[in-house]
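Okay, structure first, notes after.
Bear in mind that the values in this text are calculations on the coordinates, not laboratory data. As the structure is a prediction and not an experimental result, all values here were calculated from the model. Note that each Cβ is placed from the backbone with ideal geometry, even for glycine, and that neighbours are counted across all protein chains shown.
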Amino acid sequence: MKNETQLERYKKLLEYLDKQFKEEVNIEKVEAISHYSYRNINRIFEALHHETIGKYVKRIRLEKAAEFLKFSDSTISDIAFEVGFSDVAAFSKAFKNKFNCAPSVFRNSNDVMRNITRQTFSEIEREKLVFEIETLPQFEVLYLEHRGNYENIKAVKETWKMLINYASIKQLLTDDTIFYGEILDDNEISETINCRYNVAIILNKSLASPPEGLFKIKTHQSQKYAKFVHKGTHEYSADTYHNIYSQWMVDVNLELTDLPTLEFFLNDEEDTPEEELLTEIYIPVK
């Protein structure tokens, strides 16, 4: 996959699958994007992702369904149709095979945990969540994908180094460059190897040519968010997320939407004390 043209086609194939996962795999479309026969691109895909194209799409569907069950009040049948299943029984069977429990059991177990957490928080003195509602404008970004556990800070930092080095070589960095991350998956639902985290910078100008290798560009569409602030190192951001989601139904009471969570890094950890580091967390809402 060293050929740049083949890499561009492969990146377009991934973008197509991630956007169209609710639909059945269109073999002709896959072949047109990748310029390979479906049999051959499926072999390459399985070698890179440890799963076939069909299994990849099915897994994305089921993980999205699990997120809806965990964070929304939609009925199980509505969720099944939302993620691309035309038959609720088939959805329930596939979900049970993936998560070892029925969708209703999965939802109930998460409801129980939320109730326990809320009760625990109500029994101790706690500060009310502080957040703002903000709509981010459209902007263009350069990004690189990290796959793996979000808590593997060392690996995430290495991905950041690669992005910053590339952006520096291409003279894309300025004193005003905005750095942020995108959380695409729930690490309590997706297996570690499939968890995606994009490290990104907002571009001040469009690139003269497509980015090389696995670097990608995309346009971030305008979207409404609930904005929170995490203070301290990224290693402890999980505590902040837990606090946010455990109180979401009571203190926030906004409907979540199926888009990546964004993390904007407001200062540089190389010249800022750990306790003074600030990260703005943008959670997409309707």
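Report summary: the helix-based calculation at 222 nm, which adds -39500 (n - 2.57) for every DSSP H run with n ≥ 4 and divides by the residues of the chain, gives -13500 deg cm²/dmol. Database remark: amide H of Asn187 closer than 5 angstrom to no amide H (H placed geometrically; neighbours at sequence offset of 5 or more, or on other chains; Pro and chain starts carry no H). Loop-located trypsin sites (Lys or Arg not before Pro) in the range 1-102 (DSSP state not H, G, I, E or B) with no more than 11 neighbouring Cβ atoms inside 10 Å: Lys2.
Sorting Ser206, Ser109 on the 10 Å Cβ count, fewest up front, what's the list?
Ser206, Ser109
A cut-off of 5 Å between modelled amide H atoms, ignoring neighbours fewer than 5 places along the same chain, links Leu203 with Glu140, Val141, Leu142. Charge tally for Glu145 (other residues, Cβ to Cβ under 10 Å; Lys, Arg +1; Asp, Glu -1): +3. Among the helices of the chain, those built from whole DSSP H runs whose Cα atoms reach 18 Å or more along their own axis and whose mean Kyte-Doolittle hydropathy is at least 0.0 are 153-169. Residue-wise HN-Hα couplings along the range 192-206, as the Karplus relation 6.51 cos²θ - 1.76 cosθ + 1.60 with θ = phi - 60° gives them from phi, are 3, 5, 9, 6, 10, 9, 8, 9, 8, 10, 7, 7, 7, 8, 6 Hz; Gly and Pro carry x.
Taking amide hydrogens as placed 1.01 Å from N in the peptide plane, the amide H of Val285 sits under 5 Å from those of Lys224, Tyr225, Ala226, Thr257, each at least 5 positions away in sequence or on another chain. When the charge dipole of the chain is built from unit charges on Cβ atoms (+1 for Lys and Arg, -1 for Asp and Glu) and taken about the Cα centre, the candidate among Ala65, Val30, Cys195 whose Cα reaches farthest toward its positive end is Val30.
Neighbour counts of other C-beta atoms within 10 Å: give me His220, His35 arranged from fewest to most. Show your work: numbers first, answer last.
Values: His220 19, His35 12.
Neighbour counts put them in this order, fewest first: His35, His220.
When +1 charges are put on Lys and Arg Cβ atoms and -1 charges on Asp and Glu Cβ atoms, the dipole computed for the chain relative to its Cα centre reaches about 1380 debye.
Suppose every Lys and Arg Cβ carries +1 and every Asp and Glu Cβ carries -1, with no other charges. What dipole size does the range 198-282 come out with about its Cα centre, to the nearest 20 debye?
Using only the charged Cβ atoms, the result is roughly 680 debye.
So which residue, out of Ile60, Ile169, Ile193, gets the largest mean-square fluctuation from a GNM of the chain using Cα contacts under 10 Å as springs? Result for the chain, Cα springs under 10 Å: Ile169 fluctuates most.
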